[in-house]
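The values are calculated or read from the model by the stated rules, or taken from the named source; none is laboratory data. Treat the numbers as computed from the prediction; the structure is a model and nothing was measured. Cβ coordinates were reconstructed from backbone atoms using ideal geometry, including for glycine residues, and neighbour counts include every protein chain displayed. Keep in mind that these areas ignore ligands, DNA and RNA; they rest on the heavy atoms of the full protein, side chains included. Shrake-Rupley method; radii C 1.70, N 1.55, O 1.52, S 1.80 Å.
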Amino acid sequence: MNKIDIEVSEVGPRDGLQSISQIMPTEAKKRWIKALALAGIPEIEVGSFVPVRIFPQFADMMEVAQYARTIEGLKVAVLVPNLKGAENAIKADVHKLTIPLSVSETHSLRNVNRTHEQMLDEVKSIVNLIRQLPVDERPVIEGALSTAFGCTIEGSVPEDRVVELAEALMEAGCDEVGLSDTTGYANPVQVKRLIGKVWTAIGREHLTGIHLHNTRGQGLANVLAAVEVGLTTIDSSMGGIGGCPAAPGASGNIVTEDLVFLLEAMGLKTGIDFDKLMAARNVVATALPDVELYGFTPDAGLPLS
C-alpha cells in the first residue's frame, strides 16, 4: 500500500446529505460510497444514526452502513448523537463513532437538545457500552468539538472553553477529539493557535483531524494552516454540499475535489485517483439533479502535466 501523507475523510454522505431535502435513494448512496472507495478515499462518514422523524434522509442508515462495511479496506465512520445511535452503530459494526459536542451550549441545545453536562454524560454511557466489547471489536470514539471557532448564535467562542471541553471528552473516555469549524468562522492564524492549545492540553496523538467549512471562502486557507502545523486528516464533502441545519447560515463544506487537487499539487500524497473521484461526483449529480455541486477543479479540469 502506498504511503499517504494526508488522509481525506469524506463526509458528504453524512454532513452533505443532512442539509438536503431531496432524499438520495439507498442504491445511489451505495453506488456513491463504492465509487468514493474505488477512487481511493480511505475513510467515509456514511451517515448518522439519528431519529428518522428528524432526519428522514437517514432512514436507511443501517442498510447503508452495513453495505459500506463490505467494502474492503474502507474505514466506515458514522455520527451518533446519543446512546441509542451508538447501539445501532455497534450493530452495524462500523470502525468509528463521532459524537458531536458543541462548544457553544446554545448550539448544543439546538443541535442535540442537550447541555454540555448532559452530552458528556452521554459520552460516558457510550464509552461504557463500547468497553463491554472485545478489545479488537471496539470502534474508535471521536469527540467532535463543533462550533470550535465561533457560533452564528452566540458569536465568539472562548478558546479556553474549547480546551476545557477537549480535556473533558478525553476524561470521559474518547480516543481522540476533532476540531470543527461548523459555522465557517475560522481563519488560518486562529486554526494554528487553537490546534497548538489543544495539543498542549491533551497531546498531539489525540488531535489529528479537522472539519472545515468554506462559508466565507477560508476553507482551503485553513486546510493549509492545519497541514503546516501537522494535522494529518482533513474532512471534506464532495461538491461542497452540506452544512449544519442547527446553525443559521452555516453552509458550505470544503470541496473534496479541490482539496485533493491542492494537496497533490503540493506534493502531499492522498492516495486518491482524480478521474475516479470525478466518476463518484457524477453519481451524486445523477442522483441529486436539483442540488448544486461546487468546485473550481471540476469546472476547470486538471492542468496539463
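The figures follow:
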| read-out | value |
| --- | --- |
| Selected from LEU74, LEU277, LEU109 as most flexible by GNM, with the chain as the system and alpha-carbon contacts under 10 Å | LEU109 |
| Region 32-126: GluC sites (Glu not before Pro) in DSSP coil with no more than 11 other Cβ atoms inside 10 Å | GLU72 |
| For region 35-83, the Rg and Dmax computed from alpha carbons only, in angstrom | 11.6, 34 |
| Distance from region 282-305 to region 187-248 (C-alpha centre basis), Å | 23 |
| Protein accessible area in the chain, 1.4 Å probe - carbon and sulfur % | 51 |
| Phi to ³J(HN,Hα) by Karplus 6.51 cos²θ - 1.76 cosθ + 1.60 over region 276-287, Hz, x for Gly, Pro | 6, 5, 5, 5, 5, 4, 5, 4, 5, 4, 6, 6 |
| Whole-Hz couplings from phi, Karplus 6.51/-1.76/1.60, listed for region 210-218; x for Gly and Pro | 8, 10, 10, 10, 10, 3, 10, x, 9 |
| Within a Gaussian network of the chain (alpha carbon springs, distance under 10 Å), most fluctuating of ILE44, ILE71, ILE54 | ILE54 |
| Phi-based couplings in Hz for region 108-122 (Karplus 6.51, -1.76, 1.60; Gly and Pro marked x) | 4, 5, 6, 7, 10, 6, 9, 6, 4, 4, 5, 5, 5, 5, 5 |
| Accessible surface, per residue, of region 1-85 when the full set of protein chains is kept, probe 1.4 Å, Å² | 42 |
| Cα pair distances of the chain binned at 10 Å [whole percent] | 6, 30, 39, 22, 3, 0 |
| Most mobile listed residue (SER48, SER21, SER146) in the chain, GNM with C-alpha springs under 10 Å | SER21 |
| Accessible area of region 97-185 divided out per residue, in Å², using a probe of 1.4 angstrom | 41 |
| Local net charge near MET278, Cβ-Cβ under 13 Å (Lys/Arg +1, Asp/Glu -1) | -3 |
| Volume per residue that the Cα convex hull of region 125-259 spans, once the total is divided by residue count, Å³ | 120 |
| Neighbourhood net charge (9 Å Cβ-Cβ; Lys/Arg +1, Asp/Glu -1) for GLY173 | 0 |
| Relative frequency of Cα-Cα separations exceeding 18 Å in region 1-134, percent | 56 |
| VAL140-GLU167 pseudo-label distance in nm [points 7 Å out on the Cα-to-Cβ vector] | 2.5 |
